[in-house]
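Okay, so here's the structure we're looking at.
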Amino acid sequence: MKPLIKNPLVMLAAGLILGGGIVQTAWLLKSNPQGTMVEPDSVAGARSRKLSRGTSVNSPEKVTRPKHDFSKMDPKQAWEQAQGISNFTERLDYLTALMREWGKSDPESAIAMARELPVGTLQKEALGAACAGWASLHPEQASEWAQQNLSGPLAAGTFGMIAKEWALQDPSRAGDWVSKLPDGVLSEAAVTSVIDAWVSQDPKAAAGWIDRFSDEGRKTASLAALATGWCALSPEDAARWADSRLGTPESADIVEALIGAWGEQDPVAASKWVMRLDESHQSDAVSTLISLWGANEPDVAAEWVSKFPDGEIRSSAIPALAQSWAGTEPAKALRWSLDLPESEEKGDAVDAAITTWATLSPAEMSAWVEKQPAGGSGDHFREIAATVLADEDPENAMKMVNGISDPAARERSLVHAWKVWSQNDPDAATSWLGKSGMRADLIERLSKGMR
């Protein structure tokens, strides 16, 4: 079975089953290994609106903001009231709203009070809110103070909040300030804030700003973040811009990010654009789209994939679909795979479906495999299942091995499962071996493998 995973988006397709929207974040982590690029608010907002339709009003994600007009309150008295709030979330919401307003009227006092808080989330958020309020009126002053007085995580978060306020007013000037910040973790939130604000006003200008970055990794991650945010607003315009970037060093990352976002919004439209791409970009784009589409509308995705001509793209897309589909409907994914015409990709699809099923629902998968007749494909199914189960359920893996009728395949599968088990739990593996009733020469061979 050849590897299906070509990028983190495909690796995390199963994550879509649990929550959706993990794809962009995973891509940004892959693209920027030195730090985490914060997701643009425009994208996060679009996603939260999408998810909110299925979210209970009692969901823990629901945040109730304090209903206070802090502009009419004495900030020091309001601060004292905050100290009496025992619920951490409520206290955090109250303080950030207070500090934002206080930062507008008397930033020095607000910052001084914020810095008296214990080091941690409360201090970081309160300080950032005070600086954000200050920046909403006087961004130059707030940014100069932050650069001169903050370092480490406090600086990173506060720079991001200042940049967000400034970019809403004047993204070009905010971008000039952010460009002067040191590359790395300290500037990442600020870069993202500028992109987020600029993409809703003039995404092409944002791209021009990013193109001036000297650090190639930062440039690539930022352009991909721009593609994701732009797609949330106008995927067709984002696609036209991505077309203009084909052939550049960052083009593969831009295409992948765009497909990751577009595939969640409108996979049919995204598929039409993918088919117009050149071969060098198309293969990975197809796998990425299939991993998303297969988790949500696998039947439609299967119809699309079935039209691919023989070749590399078809041979990677079909197993990718089986893998993604098996994350939600493993039995259906396996039946679809088994009904494919005889080919190399059929074998890879069957293997992918069984492997995914065994990973997510080992008991159900085991029950299905045990019903398959011995020999032929049944032996193959048991061998795949045993390989996956060896890590988490070695005794069940050994039962699978015993059901393999072909002696060579059975011994090969046994040796593999035993090695995994003996590495994870040598005492249990040794105890099982002594009761297994296997040939003495095989027992000796396995025992020597432990030493």
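Flag not set for residue 97, criterion: among the small types (Gly, Ala, Ser), over 16 Å from residue 193 (Cα atoms) and open to solvent by less than 10 Å² (accessible area, probe 1.4 Å).
Answer yes if at least one residue in the stretch 184-192 is more than 22 Å from residue 228 (Cβ to Cβ) and either touching a helix residue (DSSP H, G or I) at 6+ places or on another chain (Cβ under 9 Å) or open to solvent by less than 10 Å² (accessible area, probe 1.4 Å) (or both), and no otherwise. Checking the stretch 184-192: at least one residue is more than 22 Å from residue 228 (Cβ to Cβ) and either touching a helix residue (DSSP H, G or I) at 6+ places or on another chain (Cβ under 9 Å) or open to solvent by less than 10 Å² (accessible area, probe 1.4 Å) (or both). Against the definition (more than 28 Å from residue 258 (Cβ to Cβ), touching a Lys or Arg at 6+ places or on another chain (Cβ under 8 Å) and either surrounded by fewer than 18 Cβ atoms within 10 Å (Cβ to Cβ) or of a type in the set (Ser, Thr, Tyr) (or both)), how does residue 337 come out, yes or no? The answer is yes for residue 337.
Taking the stretch 91-127 as the range and being over 29 Å from the mean Cα position of the chain (by Cα) and of a type in the set (Asp, Glu) as the test, the residues that pass are 101, 106, 108, 116.
Just to verify a result, which residue in the stretch 70-83, among those that are more than 14 Å from residue 112 (Cα to Cα) and more than 38 Å from the chain's Cα centre (by Cα), is least open to solvent (accessible area, probe 1.4 Å)? So the residue we want is 78. If you take the residues in the stretch 281-292 that are in contact with a Leu (Cβ under 7 Å, 6 or more places away or on another chain) and over 19 Å from residue 229 (Cα atoms), which one is surrounded by the fewest Cβ atoms within 10 Å (Cβ to Cβ)? This residue is 281. Selection of the stretch 257-280 for residues being open to solvent by 20 Å² or more (accessible area, probe 1.4 Å) and either closer than 26 Å to residue 222 by Cβ or not β-branched (Val, Ile, Thr) (or both) yields 264, 265, 266, 269, 272, 275, 276, 278, 279, 280.
Of the residues making up the stretch 296-307, those that are open to solvent by 20 Å² or more (accessible area, probe 1.4 Å), assigned to a helix (DSSP H, G or I) and within 18 Å of residue 264 (Cβ to Cβ) number 4. Of everything in the stretch 100-130 that is out of contact with any helix residue (DSSP H, G or I) (no Cβ under 6 Å at 6 or more places or on another chain) and outside any helix (DSSP H, G or I), the residue that is least open to solvent (accessible area, probe 1.4 Å) is 120. The set of residues in the stretch 344-371 that are open to solvent by less than 50 Å² (accessible area, probe 1.4 Å), over 21 Å from residue 394 (Cβ atoms) and out of contact with any Pro (no Cβ under 7 Å at 6 or more places or on another chain) comprises 346, 347, 350.
The requirement of being surrounded by fewer than 24 Cβ atoms within 10 Å (Cβ to Cβ) and within 33 Å of the chain's Cα centre (by Cα) is satisfied by residue 155.
Within the stretch 194-216, the set of residues being touching a residue at least 60 places away in the same chain (Cβ under 8 Å) and not acidic (Asp, Glu) comprises 195, 199, 200. The set of residues from the stretch 397-413 being under 14 Å from residue 429 (Cα atoms) and either surrounded by fewer than 19 Cβ atoms within 10 Å (Cβ to Cβ) or of a type in the set (Ser, Thr, Tyr) (or both) comprises just one member, 399. Listed by position, the helices (runs of 4 or more DSSP H) enclosed by the stretch 327-417 that each have at least 2 residues that are touching a Phe, Trp or Tyr at 6+ places or on another chain (Cβ under 9 Å) and farther than 23 Å from residue 316 by Cβ are 362-370, 376-392, 394-402.
Annotation note: Cβ proximity below 6 Å between a residue of the stretch 85-113 that is within 16 Å of residue 141 (Cβ to Cβ) and a residue that is in a helix (DSSP H, G or I) and among the aromatic types (Phe, Trp, Tyr) (sequence gap 6+ or interchain) occurs for 103/134; 107/134; 110/102. Just one of the listed residues (150, 117, 98, 154) is of a type in the set (A, V, I, L, M) and touching a Pro at 6+ places or on another chain (Cβ under 7 Å), and it is 98. No other residue among 194, 178, 199 is of a type outside the set (Ser, Thr, Tyr) and touching a Leu at 6+ places or on another chain (Cβ under 8 Å) apart from 199.
The values are calculated or read from the model by the stated rules, or taken from the named source; none is laboratory data. What you are looking at is a predicted structure, and each value in this text was computed from that prediction instead of being measured. Cβ: placed from backbone, ideal geometry, glycine included. Neighbour counts: every protein chain shown. Just so you know, the surface numbers come from the protein's heavy atoms only, side chains and all, with ligands and any DNA or RNA stripped out. Shrake-Rupley method; radii C 1.70, N 1.55, O 1.52, S 1.80 Å.
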